[in-house]
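The values are calculated or read from the model by the stated rules, or taken from the named source; none is laboratory data. Keep in mind it's a predicted model, so treat the numbers as computed, not measured. When we count neighbours, we look across all protein chains shown, and the Cβ atoms used for this are built from the backbone with ideal geometry, even at glycine.
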Amino acid sequence: MEQLDFNRKLSEMLDRIADMLSVDERGTVRFEVRAYRKAALSIAELDEDVRRVYRDGGQGALMEIPGIGAGISRSIIEYIERGRMRKYEMLKRRYPIDFESLTRIEGLGPKRVVSLYRLLGVKDVAGLRAALDKHRIRGLKGFGERSEEAIGRGISMLESARGRALLGDALPDAEFIVDKLRASGLAERVEIAGSIRRMQETIGDIDILAASSRQEEVMDVFSKLDSVESVILRGSTKTSVRLRNGMNCDLRVIEPDSFGAALQYFTGNKYHNVSVRKIAIKRGYKLNEYGLFNRSGKDMARSRDERWIYNRLGMDYIPPEMREDRGEIGLALKHGISDPVELGDLRGDMHTHTRDSDGMNSIEEMAEAAIRSGLEYFATTNHTKSLRIANGMNERGFAEYFKRVDALNDRMNGRIRVIKGAEVDILKDGSLDLSRKSLESMECVVASVHSSFNMDERRMTDRIVKAMDSGLVHILGHPTGRLIFKRDGYPIDLDRIGEAAERDGVAIEINSFPDRLDLCDTNIMYISKYKIRFAIDSDAHSVKHFSNLRYGVGTARRGWLTKDRILNCNEIKRLRLGR
DNA sequence: GCCGTTTTCGGCCCGACTGTTTTCAGTCG
């Protein structure tokens, strides 16, 4: 975490520079803004600490990074060596505004943010909220009543995110801490518990459990981690800290004999745990974080093993992701729990991008990364022409691109198989953004909505069903279009989507991007009553994004899906992507 | 400010949508 913290901070500064420059962009500044955005993205995607790149290779090595040239590399060096960047500070003096939070509000970009600052002195979300409450915004030039309402909604979305993080941010941070605790050698076991272990899509705080008899020493190591900002409370069994990333993290240290019981106790959501404890009572036991006891309070068994506890209560073991009290307990009592899909069951990925549209890497680099991720095949599915911003490709572009894919497949000699496809836009009227002939030539067509989000449920569903009924589509991409903490999905009728998927043999995507996770767990549970398959896709826009697949798998597990429901758990010859 | 099978200057993904306007600015993707 800490090594990439620097990259993250640098990337944010470059993005802020882009924000501030964009306020009075004219002439070539327009392109300067774009250059800073690209540089910011490039730094954020970098696997290596920028400081290390510079140390090992000097300015020349920095300029090797795509989007970093003479100017920005000078600024980076200045920041590495002096901890400051003059260009940033100069602009910041002119605009002392919290762009970071304000521009996260849907419908507010840098220009309107600056306009609110100049006209009303709004510097942050609190100031915006105050101006909003006094209805001071609707009178401003360029704003009206509807803008005011939209901003109000945006603030509410942002506030609902306060103190919460995406699973995709919280899990790596938690793993970093777990690794450090394990490396200390003081604990027999260290595991993540709580909502992260359940792979919930957003996380309030990080829960970690350690089995050790050397509690004080473990707590010492934990409180002194670099990622810890301050210690909130410190005891021998529980310590709470505030992390530099803004999240709280609890560490509980348990006697090794009780570890299984504790893990069970600190994993399920409240309702799951209450139900399991009721079952224990019914069977004459008492269950707590230390073990399973008989009614007299006599020690039945401290437990090193969660599974033992469930079995002792006459239940199947329940995977962490299912512990939400959504019917899993009844099922476990009837011994009806089926093992949900695991990351290792995935053999391929049906949705990825390259720099030929809006990805960061070449198809060759993506292929190598897919191999490293243990995949046997993946579909390359670049955007189609109407998505200009994403450099969408036309029919001819795809034809030429596929020649290169063919050549790559030849060279790969079976190490991996690249499937030729596209993520085709579902246009406003439900038609697809490439010719029938072009789409028919592809092995995998993912169809997604990227525009005109504000249709009502009936029209949006009509639009999507029409696309599915075209006979050209294999997978419906990110079916609701939601972006966690940013916008709700467009409304769709899941029953009609499910019926169409069944009728047309279209698989429903579970998009693994941390801010999408779309379909989400509850919608998966709902729609899985139809005889349909799902595709767990990375939607990778860079080689790093294959690692997001675990979030899609976690979501599928939360939706109780077994591997036989997942399209890309099949070996390639059994994919049956026929039309 | 970056970049180069258009190569050291002169390009740089731009159209749709919304809400504000009455011809367009800002935002999004």
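Out of the residues in segment A:140-159 meeting the condition of being closer than 29 Å to A:Arg30 by Cα and more than 10 Å from DNA strand B (Cβ to nearest atom), tell me which one is modelled with the lowest pLDDT.
Looking at residues that are closer than 29 Å to A:Arg30 by Cα and more than 10 Å from DNA strand B (Cβ to nearest atom), I get A:Leu158.
Test A:Met468 against the criterion of being crowded, with 20+ Cβ neighbours inside 10 Å and in contact (Cβ under 8 Å) with a residue 24 or more places away in the chain, and give yes or no.
yes
When the residues of segment A:103-124 are filtered to those that are closer than 17 Å to A:Met157 by Cβ and at pLDDT 90 or above, which remaining residue is farthest from DNA strand B (Cβ to nearest atom)?
Restricting to residues being closer than 17 Å to A:Met157 by Cβ and at pLDDT 90 or above, the top hit is A:Asp124.
Restricting attention to segment A:70-84, and to residues there that are hydrophobic (A, V, I, L, M, F, W, C) and touching a Leu at 6+ places or on another chain (Cβ under 9 Å), which single residue is farthest from DNA strand B (Cβ to nearest atom)?
Narrowing segment A:70-84 to residues hydrophobic (A, V, I, L, M, F, W, C): A:70, A:72, A:76-77, A:80.
So of that shortlist, the ones also touching a Leu at 6+ places or on another chain (Cβ under 9 Å) come out as A:72, A:76-77, A:80.
On the way: A:Ile72: 3, A:Ile76: 9, A:Ile77: 11, A:Ile80: 15 Å.
Filtering segment A:70-84 for residues that are hydrophobic (A, V, I, L, M, F, W, C) and touching a Leu at 6+ places or on another chain (Cβ under 9 Å), the one farthest from DNA strand B (Cβ to nearest atom) comes out as A:Ile80.
From A:Val553, A:Val543, which residue is modelled with pLDDT of 95 or more and under 17 Å from the mean Cα position of the chain (by Cα)?
Only one candidate qualifies: A:Val553.
Search segment A:442-461 for residues being within 15 Å of DNA strand B (Cβ to nearest atom) and in a helix (DSSP H, G or I), and hand back the single one that is surrounded by the fewest Cβ atoms within 10 Å (Cβ to Cβ).
By that ranking, first place goes to A:Glu457.
Here are A:Lys87, A:Lys92: which of them is in contact (Cβ under 8 Å) with a residue 60 or more places away in the chain, within 10 Å of DNA strand B (Cβ to nearest atom) and in a helix (DSSP H, G or I)?
A:Lys87 is the lone residue from the list that is in contact (Cβ under 8 Å) with a residue 60 or more places away in the chain, within 10 Å of DNA strand B (Cβ to nearest atom) and in a helix (DSSP H, G or I).
Hey, among A:Val218, A:Val178, which residue is away from DNA strand B (no atom under 16 Å from the Cβ), touching a residue at least 12 places away in the same chain (Cβ under 8 Å), hydrophobic (A, V, I, L, M, F, W, C) and crowded, with 21+ Cβ neighbours inside 10 Å?
A:Val218 is the lone residue from the list that is away from DNA strand B (no atom under 16 Å from the Cβ), touching a residue at least 12 places away in the same chain (Cβ under 8 Å), hydrophobic (A, V, I, L, M, F, W, C) and crowded, with 21+ Cβ neighbours inside 10 Å.
Just name the residue that is farthest from DNA strand B (Cβ to nearest atom) out of those in segment A:13-69 that are aromatic (Phe, Trp, Tyr) and buried (at least 18 other Cβ atoms within 10 Å of the Cβ).
Residues of segment A:13-69 that are aromatic (Phe, Trp, Tyr), as a first pass: A:31, A:36, A:54.
After this cut, where a residue has to be buried (at least 18 other Cβ atoms within 10 Å of the Cβ) as well, the list is A:36, A:54.
Numbers: A:Tyr36: 6, A:Tyr54: 14 Å.
Of everything passing the filter in segment A:13-69, A:Tyr54 is farthest from DNA strand B (Cβ to nearest atom).
Going through A:Asn382, A:Asn311, A:Asn391, A:Asn361 one at a time, which residue ends up being surrounded by fewer than 22 Cβ atoms within 10 Å (Cβ to Cβ) and either within 16 Å of DNA strand B (Cβ to nearest atom) or hydroxyl-bearing (Ser, Thr, Tyr) (or both)?
Just a single option satisfies the conditions, and that option is A:Asn391.
Considering segment A:267-288 alone, what residues qualify as being in contact (Cβ under 8 Å) with a residue 60 or more places away in the chain and either assigned to a strand (DSSP E or B) or in contact with a helix residue (DSSP H, G or I) (Cβ under 6 Å, 6 or more places away or on another chain) (or both)?
Selection gives A:Thr267 alone.
For segment A:315-324, name all the residues that are among the charged types (D, E, K, R) and under 13 Å from A:Asp521 (Cβ atoms).
A:Glu321, A:Arg323, A:Glu324
Of the numbered conditions (1) out of contact with any Ser or Thr (no Cβ under 7 Å at 6 or more places or on another chain); (2) assigned to a loop (DSSP other than H, G, I, E, B), A:Leu439 satisfies every one except a single condition; which is it?
(2)
Just for segment A:462-485: of the residues that are within 11 Å of DNA strand B (Cβ to nearest atom) and part of a loop (DSSP other than H, G, I, E, B), which one is modelled with the lowest pLDDT?
For segment A:462-485, the residue satisfying everything is A:Arg482.
Can you list residue pairs whose Cβ atoms sit under 6 Å apart, with the first residue in segment A:52-75 being in contact (Cβ under 8 Å) with a residue 24 or more places away in the chain and the second being more than 13 Å from DNA strand B (Cβ to nearest atom) and not in a loop (DSSP other than H, G, I, E, B)? Count only pairs 6 or more apart in sequence or on different chains.
Qualifying pairs under 6 Å: A:Tyr54/A:Ile80.
Might you let me know whether segment A:396-416 holds any residue that is assigned by TED's automatic domain parsing to the domain that holds A:Thr555, within 16 Å of DNA strand B (Cβ to nearest atom), of a type in the set (Ser, Thr, Tyr) and in a loop (DSSP other than H, G, I, E, B)?
Within segment A:396-416, none of the residues are assigned by TED's automatic domain parsing to the domain that holds A:Thr555, within 16 Å of DNA strand B (Cβ to nearest atom), of a type in the set (Ser, Thr, Tyr) and in a loop (DSSP other than H, G, I, E, B).
Look at A:Met247 and say whether it is in contact with a strand residue (DSSP E or B) (Cβ under 9 Å, 6 or more places away or on another chain) and within 25 Å of A:Lys486 (Cβ to Cβ).
Details: in contact with a strand residue (DSSP E or B) (Cβ under 9 Å, 6 or more places away or on another chain): yes; within 25 Å of A:Lys486 (Cβ to Cβ): yes.
Considered against the rule, which asks whether it is in contact with a strand residue (DSSP E or B) (Cβ under 9 Å, 6 or more places away or on another chain) and within 25 Å of A:Lys486 (Cβ to Cβ), A:Met247 comes out as yes.
Being in a loop (DSSP other than H, G, I, E, B) and either away from DNA strand B (no atom under 11 Å from the Cβ) or surrounded by fewer than 17 Cβ atoms within 10 Å (Cβ to Cβ) (or both) is the filter here; which residues of segment A:125-139 pass it?
A:Lys134, A:His135, A:Arg136, A:Arg138, A:Gly139
So, in segment A:170-188, of the ones that are part of a helix (DSSP H, G or I) and of a type in the set (Asp, Glu), which residue ends up farthest from A:Met247 (Cα to Cα)? Spell out the reasoning first.
Here is the first cut: in segment A:170-188, the ones part of a helix (DSSP H, G or I) are A:170-183.
Adding the requirement that they be of a type in the set (Asp, Glu) leaves A:173, A:175, A:179.
Numbers: A:Asp173: 10, A:Glu175: 14, A:Asp179: 18 Å.
Here the residue is A:Asp179.
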